[in-house]
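In what follows, a structure is listed as structure tokens, so that the remarks can point back to it.
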Amino acid sequence: MTTVAGDFTLTMGELRAVARYVAESAQELLPVFEEAHPDDLRPRAALDAAWTFIGGERRTKLQRTTALDAHRAAKEARTEPARLAAQAAGDAASAAYLHPISRATQVAHILRAAACAARVAELDADGGAAAGKGILERAGERSGPVLRDVLRRYPRAPEGRTRVAHLMSALDASLRAMP
């Protein structure tokens with residue numbers, strides 16, 4: 001089994017599990033972006049690249065390129081929900097290249113897409129935190145032991161100042177508390 005090493009090792013199977021988790025959150029958000037920007041295919045391309053890797057293909061320049069393109073689409077998005085959706089798609093593609101280095105910033109590549117989904121739910125509910133909490137609970141339910149094991153190799157998510165950062169920290173704490 002192929003591994004990548006740094007401060008610890010990650011197998012391709014573990015990277016695929018992380019990418020699947022991120023892609024599932026991003027997939028739910030993709031319609032939000034496509035409704036706001038129907039002619040911009042960059043987030044969809046990033047998700048397609050993520051699913052290609054998840055399906056067993058080698059990670060290639062495709063995941064890196066489409067991830068960067070989706071993040072550019074996020075910067076150009078006209079609304080916060082569209083921006084968050086594009087960012088989540090970029091995170092899904094970039095999860096194939098999660099670095100095995102012990103830095104809290106890497107945790108964002110694992111959890112930010114779910115936090116973005118929670119924030120979009122809050123915005124849809126006029127800022128209702130309960131809507132976001134429900135999304136985070138579902139994200140916890142679908143996390144699985146492999147994802148939680150990988151997450152625990154990293155330091156805790158940074159607190160941050162944004163609402164997405166707060167949601168990400170809450171999800172991180174809840175996943176680390178699970179068996």
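Each value in this text was obtained by applying a stated rule to the coordinates, not by laboratory testing. Model, not experiment: these values are computed from the prediction.
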Answer yes or no: is there a residue in the range 18-28 that is within 17 Å of the chain's Cα centre (by Cα) and over 21 Å from Met168 (Cα atoms).
no
Out of curiosity, is Arg156 in a loop (DSSP other than H, G, I, E, B) and more than 22 Å from His71 (Cα to Cα)?
yes
